[in-house]
Structures are given as C-alpha cells and as structure tokens.
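Bear in mind that the values in this text are calculations on the coordinates, not laboratory data. Because the structure is predicted, anything quoted here is derived from the model rather than measured. Neighbour counts are summed over all protein chains in view; Cβ atoms, including those assigned to glycine, are modelled from backbone coordinates with ideal geometry.
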Amino acid sequence: MSKLEFPSSYIKFNCTGCPLEENKIVWGQGNYKNKIMFIGEAPGVNEEKFGKPFVGRSGNLLNIMLEKAGLNRELFYVTNIVKCRPPNNRQPNDEEKLCCRSFLRLEITKIAPKLIVTLGSTATNAILFNRRSMKLIVGKLVKTKIDLYSYLVFPMYHPSYVLRSGITRDDYLIFFLKLKRVICKIYLTQYKRLRWLVNEICKK
Ligand code: URA
C-alpha cells in the first residue's frame, strides 16, 4: 500500500461532476521515496477490481520488462492520469483528464519526482502539454515545467501498444535498458542522497 495519503475532504471536494465519479478510484501505488514516478493512462477492469494500477495484462508486461532490464517495480511509484476506469476501456476524454488533473498535481507536488516516466501518448501529452507523435519523443529525456517546477520526463510506449503489436518486446526492452541508464546517470550525478538505489540497480 502506498503511504501517500490524500485528505478525504480534498477528494470529496474535487470528485464531483466528473463523468466517471461513480466508478471506483484507483490511486497511485508504490515506493514514492525513491522519487521516480511511472504514469499511465487510466485503470482498466482489473485495476478497478483490485484497486491498484497496472495489475492486468499491461501491468504484467510492464513488470516483465522492468525485471528484464534489472529494475524492480517495487522501487517505483506507479499511477495514472485518470484515476477511474473509463467505460469500455476507451481513452479518457479531455473533461475526465481535467477533472483528475488536481490529483495528479498533488501527487507530483508531494513526491517531487526526479524522473517521470510516461507510458503512452495520453500520459506523455498530459505531462508535456503537447500533442506530439510518440515516435518523435519516445526514449528521449525531456524537461517540462509543472506549476513552476522543472521535471525530467522519459516518454515510453504504453505496454498495451506492445500487446497490440505496435513494436516487438525486444524493441520495447531497449527502452527499458535506456531508462535504467538514465536513472543511474541522474542518481549518480544529481541525487546522491539515494545512493543506495544506485547500488541496488546500477551495479548489477
Ligand atoms: N493501463 C493504464 O494506463 N493504467 C493502468 O493502470 C492499467 C492499464
């Protein structure tokens, strides 16, 4: 269970008027102290059932890729742009994304991530405030400003894109290996306080 707690008054106050408000909320989960956030699109059926992000087929592939790259999911905080499942697994629309934006901002402000990994175009566009093709930015480290603070963002394809055969698993793994190098570089040069994390993942 994530120890990140959201004040219930905040949730009640903000969670009205959203078209998805009747659905179960799936909060982000994982180790936020390491300050690396993975952000996906929205929960699916399994995520809603278990109340955790990325526990279905996409989550399974994410876990496999992380492990193959020598990264352990438990080291990271995982969340979504939209916290409730849109019907029929469709992409969240602009209104739903806007309704959930305050929660995401709260997560980002509280965690103050050193690195944000966006999974898929919905998350990437929402974090980078643009609508560029994933092909142009995937696997490239970019800087963005959110509420006046700068963040490093590493856009990745969504696991569901791989499940739909958008790219092969081998090609997908290349991005995870690059992600590992990026994490090691950031944490070795800029964030030495978490040196143990570097020891955990970079010396293998
Ligand atoms: N896809 C997402 O984007 N998020 C999840 O939590 C599960 C599948």
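Would you list the membrane-span-like helices of the chain, meaning whole DSSP H runs whose alpha-carbon atoms span at least 18 Å along their axis and whose mean Kyte-Doolittle value is at least -0.5?
In the chain, the long hydrophobic H runs are 94-111, 169-189.
Per the chain: cysteines with no other Cys C-beta under 4.7 angstrom?
So far as the 4.7 Å Cβ criterion goes, CYS15, CYS84, CYS100 stand without a partner in the chain.
Sorted by average packing, counted as other Cβ atoms within 10 angstrom per residue and highest first, what order do 113-122, 93-102 take?
113-122, 93-102
Using Cα-Cα distances under 8 Å and only pairs 6 or more residues apart, what relative contact order does the stretch 133-196 have, in percent?
22
Could you line up PHE176, PHE129, PHE154, PHE50 from fewest to most neighbouring Cβ atoms inside 10 Å?
Going from sparsest to densest Cβ surroundings: PHE129, PHE50, PHE176, PHE154.
Taking the chain as a Gaussian network, where each spring joins two C-alpha atoms under 10 Å apart, which residue of GLU107, GLU74, GLU48 fluctuates the most?
GLU74
Give me VAL78, VAL142 sorted ascending by neighbouring Cβ count inside 10 Å, so fewest comes first.
Going from least to most buried by this count: VAL142, VAL78.
Kindly provide log₁₀ I(q)/I(0) values, in the same order as q = 0.09, 0.19 Å⁻¹, from the Debye equation applied to equal alpha-carbon scatterers of the chain.
Once normalised to I(0) and log-transformed, intensities are -0.31, -1.54.
Can you tell me the relative contact order of the chain? Whole percent, Cα pairs under 8 Å, sequence separation 6 or more.
21
Taking every Cα atom in the stretch 58-103, find the radius of gyration and the maximum pairwise distance Dmax, and write them in Å.
13.8, 38
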